[in-house]
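What follows is a single structure, written as C-alpha cells, with notes after it.
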Amino acid sequence: MSTPTETDAFEVDDSSIERMRFYGRLFLGACIVATLVGIVALIALVFDVVVEAWGWLTWEFLTHPPSYLAEHYDPSNYGDLPTGPGGIYPAIVGSIYLIAMTAVFTLVLGVGAAIYLEEYARDTKLTSFIEANIANLAGVPSIVYGLLGLALFVRAMGAGSSLLAGALTLTLLILPIVIVQTQEALRAVPDSMRQASYGTGATKWQTIRNVVLPEAIPGIMTGIILSLSRAIGETAPIIMVGAATSMFAPPNLTDPTGSFAAMPMQIFEWAKAPEDDFQHIAAAGIIVLLTVLLLMNAVAIYIRNKYDR
C-alpha cells in the first residue's frame with residue numbers, strides 16, 4: 001500500500017482549471033455584452049436626437065420664448081417673421097431655478113436627516129423601521145409624489161402652481177435617494193478617525209463637521225448627482241403641481257411663489273403636437289436639456305473630486 005507523498009496535497013486536476021478559466025471568460029464576456037448594450041443604446045439615442053435637431057438648434061432658439069406655430073422655429077423663416085422666432089428660453093430659466101431650489105432643499109433636509117440617523121439616533125427598532133421605509137420610498141413612482149405635492153403643497157399649504165411647490169415636490173421625490181446614499185457615505189468613514197478626534201478633545205459636532213463630513217463629501221455628492229439628474233428630467237410631478245406647458249416670459253427669480261415652466265413640460269408639449277416639424281423642435285429641446293444636465297453634473301463632479309482624498 002503506497003503512502004501519500006508531500007506533493008499530493010498540491011496536485012490539481014488540469015481539467016478543473018480549464019473549466020474554471022472557461023467560466024471566468026464566459027462571465028467576462030457577459031459583463032462586456034451588458035456594458036455594450038447600454039453604451040450602444042445610449043449612442044443610438046443621442047445620434048437619433050442630434051439628427052432630428054440638426055439645423056433647428058440655433059442661438060435664437062435659446063434666447064426667445066416659445067410659439068404655437070412650427071414655422072417660427074425654422075431658421076430659414078427668421079427673416080420673414082412679423083414677430084420674433086420661437087424658442088425655449090423661459091423653460092430653461094425655469095428649469096435651472098427649479099433644480100437650484102430643489103438642490104438646496106435636498107442638501108439641507110437629506111444630509112441633515114442622514115447625519116441624525118447615522119450619528120445621533122440610537123440603534124432601536126424605531127430607527128430600523130424608519131430607515132427601511134426610507135429605502136422603500138426610493139422605489140415609489142414619481143406620479144405618487146406628484147399627487148402628494150398637489151395635496152400637500154399646492155392645496156394644503158396654499159402655495160399654488162408655483163416654483164416653490166414644484167421644488168418641494170421634487171425634493172420629496174429624490175430625498176430618499178440622498179438620505180440612503182449619505183448614510184452609506186457616513187458609514188464608510190473609519191470609526192478610528194472619530195475616536196482619534198474624540199481623543200483630542202473634540203465634541204461630537206466638531207468631529208462630524210471637521211472629520212466625518214469632509215471624508216464623506218465624495219459619496220454624498222455622488223448621491224446628489226444621481227438624484228438631481230433624475231429630478232431635472234421628471235415630468236409627472238410638475239404636471240401634477242400645475243407647471244405651465246408654455247410661458248412667454250421667464251419666471252421672476254425674486255418671487256418663488258410665481259408660476260413657472262420647465263423644459264420637460266415644454267418638450268412634452270412639442271412632442272405631442274401633430275405637425276412633423278415639432279418633432280425636430282422637441283429634439284432640439286432634448287439636446288438643451290441634456291446639455292444643462294451635463295453641465296450641472298460636471299459642477300457636482302468637480303466638487304466631489306476636489307474633496308476626494
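Stretching the chain fully between Ala135 and Thr203 yields a gain of 21.5 nm (0.36 nm per residue, less the alpha carbon separation).
For the pair Asp255 and Val40 in one chain, pulling the backbone fully straight at 0.36 nm per residue adds 73.1 nm over the alpha carbon distance.
Taking the square roots of five times each eigenvalue of the Cα gyration tensor of the chain, the equivalent ellipsoid has semi-axes of 46, 32, 18 Å, listed largest first. Counting every pair of alpha carbons in segment 14-53, the share spaced more than 12 Å apart comes to 67 percent. With one equal scatterer per alpha carbon and no solvent term, the Debye-computed log10 I(q)/I(0) for segment 148-255 at 0.12, 0.19, 0.24 1/Å reads -0.59, -0.92, -1.19.
Given R₀ = 35 Å, FRET efficiency for Trp54-Thr245 by Cβ-Cβ distance, to 0.05? Can you show the working numbers first?
On the way: r = 26 Å, r/R0 = 0.73.
Once rounded, the FRET efficiency stands at 0.85.
Comparing Gly94, Asn297, Gly160 along the charge dipole axis of the chain, the residue lying farthest to the positive side is Gly160, per the Cβ-charge model. Using R₀ = 45 Å, calculate the FRET efficiency as 1/(1 + (r/R₀)^6) where r is the Cβ-Cβ separation of Arg155 and Asp80; round to 0.05. The calculated FRET efficiency here is 0.45.
For the chain, the 222 nm mean residue ellipticity estimated from helices alone, with every DSSP H stretch of n ≥ 4 adding -39500 (n - 2.57) and the total spread over all residues, rounds to -21000 deg cm²/dmol. Treat every Asp and Glu Cβ in the chain as -1 and every Lys and Arg Cβ as +1, leave all other atoms uncharged, and give the resulting dipole magnitude about the Cα centre to the nearest 20 debye. Approximately 1220 debye in magnitude.
Where in the chain are the DSSP H helices whose alpha-carbon span along the long axis reaches 30 Å or more and whose Kyte-Doolittle mean is at least -1.0? What comes out of the filter, once short or polar helices are dropped, is 14-53, 89-115, 163-187, 277-307.
Extension gain, Ile32 to Ala271, is 82.6 nm, computed as 0.36 nm per intervening residue step minus the present C-alpha separation.
Each value in this text was obtained by applying a stated rule to the coordinates, not by laboratory testing. Since this is a predicted model, take the numbers as computed values, not measurements. Because the Cβ atoms are built from the backbone with ideal geometry, glycine has one as well, and the counts that use them run over all protein chains shown.
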